[in-house]
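None of the figures in this text is laboratory data; all of them are computed from the coordinates on show. Note that the structure is predicted; figures quoted are calculated from it, not measured. So basically every Cβ, Gly included, is an ideal-geometry build from the backbone, and we count neighbours across all protein chains shown.
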Amino acid sequence: MNALLSNRNGSPSDLCLELRKGATSIQAEPAIKGYVDDAVMPHELAFTGQRSRKMDFWHKSVEIDGLSLHYFDYQSDAETITVNLDDPGSNLILKLPLNGSTRLTTGGREWMISPREFCVLQPGVPFQVDMEGSSRHLTLVLEADWVSNYLLSHSCHLRPEDLSFGSQIFNLQTNGLLLSSVVSGLSNCLIHSDRALDNKSVVTHLKQLITSAVLDLSPEFHKANAHSTLGQNLPDHIRRARQFIEDHLTDDIKLHDIVNASGMTKRTVQAGFRMHLGTTPLSYLKLMRLKATHDRLQAARPHDCTVTQVAMEYGFFHLSNFSQDFRKTFGASPSDILNRTEV
């Protein structure tokens, strides 16, 4: 990606200049902060060592329902631009500098990141980024709810907060070649307004590819996948509630049924699901039902059943909503999965 977005002389490449076209452009420091607060998340922004108040800022982004890629371009005579997030939330955030040096401070440690490297920030941990006064970088944000659903749909009972990323800093050529290639392609889509981004199936597969490439960098993700009995460290009441859900996917069960099966109070069960599974009991029920319909459709022959029959068996009576949720989770429509099998 570094080679794609910067030329041999280290000056702005044509692609960076192209990214500015159609981008939001701002030239006042307070307005820049307010804009980025709304576009990404609330943060503190400071320009130090300025000789004047003149600055130029461009931002362009693409959002894919749970994932967003942002191009930030600061041009000023400041020595340093500092971005500070005291409450970053549980999203997964990747910083990919395109020029100059970037200093990351988080968790009591400090790293320097070059344009040939990138970092994955620890979810929920405050951080500070110090960049040069003229700085370009990409920020990739994977929203916590999307990551939680992705993990659960792959039978991986982890929350975003449970993930860490080793040394924080990764080399694009050795650890992030696939990721950088996909992100570079997405950057080109930003430039050329690629119509493929209007195709829901394409963007869902793209989102899943990026997510899997990021999670592959986490030791916790690998450890969870290596265990044959996932969730073995869950509290007993959460394990009972989860087992009840998985045993009654075709039954008309409600939240109070799940709570009764757990043997604990409603508040305790809801808090436990959030803490240990990163979701709510009813959201987990819905996701497990979606996964069950996916498995049934994948195993069936096209003439054995219909999408409507399988959906209604698992309690999905609003078929348009079911189809949207199914595609969002698995990157294909229910009929695609059913008709993909050989007769």
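One table, with the values for the structure above:
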| item | result |
| --- | --- |
| Rounded tilt (10° steps) of 236-247 against the dominant C-alpha axis of the chain | 70 |
| Counted charge near L172, where neighbours are those whose Cβ lies closer than 10 Å (Asp, Glu -1; Lys, Arg +1) | 0 |
| Ranking of E29, E79 by count of other Cβ atoms within 10 Å, fewest first | E79, E29 |
| Computed [θ] at 222 nm, helices only, for the chain once each DSSP H run of length n ≥ 4 contributes -39500 (n - 2.57) | -13000 deg cm²/dmol |
| Gain on full stretching of the segment that runs from K223 to C305 - 0.36 nm per residue minus C-alpha separation | 25.8 nm |
| Length released on extending from V125 to H318, taking residue separation times 0.36 nm less the Cα-Cα span | 65.5 nm |
| Sites excluded, trypsin sites (Lys or Arg not before Pro) in DSSP loops with at most 13 other C-beta within 10 Å, longest stretch of the chain | 55-253 |
| Among (i) 0.97; (ii) 1.08; (iii) 1.02, the entry derived from the coordinates for Rg/Rh (Cα atoms, Kirkwood Rh) | (iii) |
| With Cα atoms, 0 to 90° folded angle of helix 29-39 axis to the chain main axis | 20 |
| Distance in nm between pseudo-label sites at M275 and N339 (7 Å out along the Cβ direction from Cα) | 4.8 |
| Sequence-distant lysines (8 or more away, or on other chains) whose Cα lies within less than 19 Å of K266 | K254, K286 |
| Spacing of the two label points (7 Å from each Cα toward its C-beta) at Q27 and N171, in nm | 4.3 |
| I26, I258 arranged by Cβ crowding within 10 Å, fewest neighbours leading | I26, I258 |
| Average Cα contact separation per residue, segment 234-340, under 8 Å, 6 or more apart, as relative contact order % | 24 |
| Percentage relative contact order, segment 2-221, counting C-alpha pairs under 8 Å, at least six apart | 19 |
| On Cα atoms only, tilt of 281-299 relative to the major axis of the chain in degrees | 80 |
| Separation of the V202 and E110 label points, Cα + 7 Å toward Cβ, nm | 4.5 |
| Sum of side-chain charges, R240 neighbourhood, beta-carbon under 13 Å (Lys, Arg +1; Asp, Glu -1) | -2 |
| Residues S155 and N260, FRET efficiency given R0 of 25 Å [Cβ-Cβ distance, rounded to 0.05] | 0.50 |
| Segment 59-118, relative contact order in percent, only Cα pairs under 8 angstrom and at least six apart counted | 21 |
| Charge sum, other residues only, whose C-beta stays under 10 Å from T80's C-beta, Lys/Arg counted +1 and Asp/Glu -1 | -2 |
| Distance between segment 67-103 and segment 129-156 - C-alpha centres, whole angstrom | 12 |
| For the chain, built as a Gaussian network whose Cα springs stay under 10 Å, the top-fluctuating residue of S320, S25, S181 | S320 |
